């Protein structure tokens, strides 16, 4: 008899930001497959004897390819196990949860998707930046900062994206920051548009740097900013000066 798989969003980093349903799924699991951006403190909720499998993707190497992770979930569920796939952020926002759900569906394995708070909203909030604001930003987009390298060409329509929305959040795009800024400017975004980069958002290590599209590359280089980070582009960044709260509180 097949088991069941929970595709669980672990939230943006702070372990207290996982949902109650997410905690229940961890507590129920016989097997927990967790990634690099899921806070390891969440594994404290696991029951005694649960099998813990790290399937994280590091910047320079993948311990398991996505196809292998898919196969692992199928194998454990077909063995009658309750499996929780614990993923940073939300499983369906750049978390490859859609690929895993399709694989489970093809094998007729029951599954449940448990949404999580995605970093594109949470990291700016902890940096004191609302991604929307009634007088500043009426639209918001989330965009990958590193497309699949096997693509023959980019799926991003820079000519539309650059000016279509007020606020843009790029995920894990520090390596491609020069390209991101160049494309936005070339396609009509004001070079003086404010930009913030939030590193390790919602965690005590959080660090935020600010600049504009024409200066942020140098700022990031000087401050040695790396992934995991959210790059936020838009006038809402200017609100941070008045409403930042988290970094000041953890430094007190």
(request) Take the residues in the stretch 1-18 that are part of a helix (DSSP H, G or I) and out of contact with any strand residue (DSSP E or B) (no Cβ under 6 Å at 6 or more places or on another chain), then tell me which one is surrounded by the most Cβ atoms within 10 Å (Cβ to Cβ). (result) 15
(request) Might you let me know whether the stretch 64-76 holds any residue that is at pLDDT below 95, touching a strand residue (DSSP E or B) at 6+ places or on another chain (Cβ under 6 Å) and either closer than 19 Å to residue 40 by Cβ or crowded, with 22+ Cβ neighbours inside 10 Å (or both)? (result) no
(request) Give the residue, chosen from 131, 142, 209, that is surrounded by fewer than 21 Cβ atoms within 10 Å (Cβ to Cβ) and either without any contact (Cβ under 8 Å) to a residue 24 or more places away in the chain or in a loop (DSSP other than H, G, I, E, B) (or both). (result) 209
(request) Identify, from the list 21, 36, the residue that is surrounded by 13 or more Cβ atoms within 10 Å (Cβ to Cβ), out of contact with any helix residue (DSSP H, G or I) (no Cβ under 6 Å at 6 or more places or on another chain) and in a loop (DSSP other than H, G, I, E, B). (result) 36
(message) Restricting to the stretch 165-187, and then to whatever is over 26 Å from residue 37 (Cβ atoms) and surrounded by 13 or more Cβ atoms within 10 Å (Cβ to Cβ), can you tell me which residue is nearest to the chain's Cα centre (by Cα)?
(response) 166
(request) Name every residue in the stretch 211-235 that is under 24 Å from residue 190 (Cα atoms) and within 20 Å of the chain's Cα centre (by Cα), in order of residue number. (result) 220, 225, 229, 230, 231, 232, 233, 234
(message) Out of the residues in the stretch 94-124 meeting the condition of being under 14 Å from the mean Cα position of the chain (by Cα) and surrounded by fewer than 20 Cβ atoms within 10 Å (Cβ to Cβ), tell me which one is farthest from residue 76 (Cα to Cα).
(response) 115
(request) Restrict the check to the stretch 147-162 and report whether at least one residue is outside the structural domain of residue 57 (by TED's automatic domain parsing), in contact with a strand residue (DSSP E or B) (Cβ under 8 Å, 6 or more places away or on another chain), in a loop (DSSP other than H, G, I, E, B) and at pLDDT below 95. (result) yes
(request) Kindly provide the set of residues from the stretch 212-232 that are over 23 Å from residue 37 (Cα atoms) and not in a helix (DSSP H, G or I), ordered by number. (result) 212, 213, 214, 215
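The values are calculated or read from the model by the stated rules, or taken from the named source; none is laboratory data. Remember, predicted model here, so these are calculated numbers, not experimental data. Cβ sites come from the backbone with ideal geometry, for glycine too, and all protein chains shown count toward neighbours.
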